[in-house]
Amino acid sequence: MIEAAEWRARLLAFETEVSKFLGGAEEAVASRAYNAHEALKKVSALSFNQADSLKQAVRCVEAGLNQAAFVLAWTALSDLLLEVTVDQLEAVKDAREKWKFTDKTSLAEEHGDFAITEALKAAKVITKSEMKTLQGLLHRRNQCAHRSDVFPTANEALGYIDEAIPSAEVLLSRLHGST
């Protein structure tokens, strides 16, 4: 008789093999989009606009607008970056003495997302690894938002959204001085 652990291992191997064959199929994209919608429920502390940006990113994938999905997913992270930076105002201003901002609007008008991630790292609000992850996501967003020869697949766009969710959770954990 086969043990439960062996059955589980066989099932996981089977699922992996099937995913290789069906990964690009339309049904697989719809299934992954559904999974992305479910994953968004885990990030309940997002503002309405942040959550809506991520939901719209998934809807873009469902509609075949993969580049737009990258841009919309980043929009949620960008808003969170601004929120965390304003929340950690004193620490960021200590790290960036010349920065003059009082709210999200003035911060966004004066500084780009890349500089904000660096300032959060300098202020010890995020780690170097978290900064690099955010900058990598920003780079991929920029490739889709600006003229380039990058044409992501639906699976790549859904993967980007999947990667954005843990970064959103990290930023949410940094609000109000918690680490």
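I need the full set of residues from segment 123-164 which are among the aromatic types (F, W, Y) and crowded, with 20+ Cβ neighbours inside 10 Å, in order please.
Once the filter is applied, which keeps residues that are among the aromatic types (F, W, Y) and crowded, with 20+ Cβ neighbours inside 10 Å, segment 123-164 yields only Y160.
Please find, within segment 81-93, the residue that is farthest from M131 (Cα to Cα) out of those that are acidic (D, E) and in contact with a helix residue (DSSP H, G or I) (Cβ under 9 Å, 6 or more places away or on another chain).
Out of the qualifying residues, it is D87.
Inside segment 79-107, can you point out the residues that are in contact (Cβ under 8 Å) with a residue 60 or more places away in the chain and of a type outside the set (D, E, K, R)?
Hits for segment 79-107 are L80, L81, V84, Q88.
Just checking: which of the helices (runs of 4 or more DSSP H) contained wholly in segment 59-138 hold 3 or more residues that are closer than 20 Å to A168 by Cβ?
Of the helices (runs of 4 or more DSSP H) lying wholly inside segment 59-138, those with at least 3 residues that are closer than 20 Å to A168 by Cβ span 66-87, 104-110, 113-122.
Which residues, counting only those in segment 108-149, are small (G, A, S) and either without any contact (Cβ under 8 Å) to a residue 60 or more places away in the chain or touching a Pro at 6+ places or on another chain (Cβ under 6 Å) (or both)?
Across segment 108-149, the qualifying residues are A108, G112, A115, A119, A122, A123, S129, G136, S148.
Identify the residue in segment 46-71 that is under 26 Å from E110 (Cβ atoms) and surrounded by fewer than 24 Cβ atoms within 10 Å (Cβ to Cβ) and, among all such residues, is modelled with the highest pLDDT.
Top of the filtered list is V71.
Considering only residues of segment 107-122 that are open to solvent by less than 10 Å² (accessible area, probe 1.4 Å) and out of contact with any Phe, Trp or Tyr (no Cβ under 8 Å at 6 or more places or on another chain), which is farthest from E97 (Cα to Cα)?
Step by step, filter segment 107-122, then rank; the result is T117.
The values are calculated or read from the model by the stated rules, or taken from the named source; none is laboratory data. Everything quoted here is computed from the prediction, not taken from an experiment. Cβ: placed from backbone, ideal geometry, glycine included. Neighbour counts: every protein chain shown. Accessible surface areas use protein heavy atoms only, side chains included; no ligands, DNA or RNA. Shrake-Rupley method; radii C 1.70, N 1.55, O 1.52, S 1.80 Å.
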